[in-house]
1. Quick one: is Leu241 of a type outside the set (Asp, Glu), under 29 Å from Ser49 (Cβ atoms) and touching a strand residue (DSSP E or B) at 6+ places or on another chain (Cβ under 9 Å)?
2. Within the stretch 130-151, can you find the residues that are open to solvent by 40 Å² or more (accessible area, probe 1.4 Å) and farther than 19 Å from Lys109 by Cα?
3. Residues in the stretch 16-44 that are in contact with a His (Cβ under 9 Å, 6 or more places away or on another chain), open to solvent by less than 50 Å² (accessible area, probe 1.4 Å) and not small (Gly, Ala, Ser): how many?
4. Within the stretch 1-106, which helices (runs of 4 or more DSSP H) (wholly inside it) include 3 or more residues that are farther than 23 Å from Val202 by Cβ and away from the ligand (no atom under 12 Å from the Cβ)?
5. Need the failing condition index for Gly112 against (1) within 15 Å of the ligand (Cβ to nearest atom); (2) assigned to a loop (DSSP other than H, G, I, E, B); (3) within 15 Å of the chain's Cα centre (by Cα), just the number.
6. Taking the condition of a type in the set (A, V, I, L, M) and either at pLDDT below 95 or open to solvent by less than 60 Å² (accessible area, probe 1.4 Å) (or both), does Ala95 pass?
Amino acid sequence: MANQDKVTAVSLRERKRGGEKIVAVTAYDVTFARLADRAGVDVVLVGDSLGMVIQGHANTLPVTLDEMVYHGRNVARGVAHAHVVVDMPFLSYQASIEDGIRAAGRLVKEGGAESVKVEGGEEVAELVARLVAIGIPVMGHVGMTPQSVHKFGGFKLQGRGEAQARAIVAGARALAEAGAYSVVLESIPAALATEISATVDVPTIGIGAGPRCDGQVLVMHDLLGLDPDWSPRFARRYAELGQAAHKAFVAYAADVRASRFPSKKESFT
Ligand code: KIV
């Protein structure tokens, strides 16, 4: 039976007309995906940010297609309502259109993806059009695209200068014209994000792009405060789960060492 409430690429695209904000968050496993889904988020993004927050790399570049398939599959099992988007990892689509089609196909066939996300503007527009033509919805991603971290010289705000700003606007337009159903705007000035949101006819989803985007996305670890020592300026911590987990581990260790755990109630007769 089809789930009537299921969020789809089509229903997300239509949000642009109604003006209802899109709520997106990353997740990388079934437990957190289920929690986000049950809380009513619209989009669960299996981001290649997993290279940093799950695998501990300095950037997203080492993440493989097999790893995205693995995490996508696990996330999809926890989601009933939200739309599941899976990131195309670095070098799975940059070398050729055929590579990109095969990679996206694997994410859909094996990785639980209902749509895929690609980074880049005009340079990926042809791929976006081909994917959409064969039935795979695409979310675009412009601005500070983490797979280009070395080109940018770090995770730095993009689009401050006029030339850069125009290239980002052109990229977002090219993605929308190629058939992308939404575009992520990452780490760009709020005024530029406002301009793009007013000119492209698909929803923009901001991260570090100010309040005037059609939706917002955050990395789960930032939102939940999982890392007590790190929080990007644009993120808001809605919980302090890192601190809570630390306290719980300390209490557990103390109880085991003092023979307070397990108790009689926690043992079998
Ligand atoms: O990989 C990711 O988590 C992302 C978001 C930051 C948009 O691309």
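The values are calculated or read from the model by the stated rules, or taken from the named source; none is laboratory data. Treat the numbers as computed from the prediction; the structure is a model and nothing was measured. Here the Cβ positions follow ideal geometry from the backbone for every residue, glycine too, while neighbour counts run over all protein chains shown. Note: accessible area is taken over every heavy atom of the protein model, side chains too, but ligands, DNA and RNA are not part of it. Shrake-Rupley method; radii C 1.70, N 1.55, O 1.52, S 1.80 Å.
1. no
2. His150, Lys151
3. Count: 7.
4. Passing ranges, in order: 30-38, 65-76.
5. (1)
6. No: the conditions fail for Ala95.
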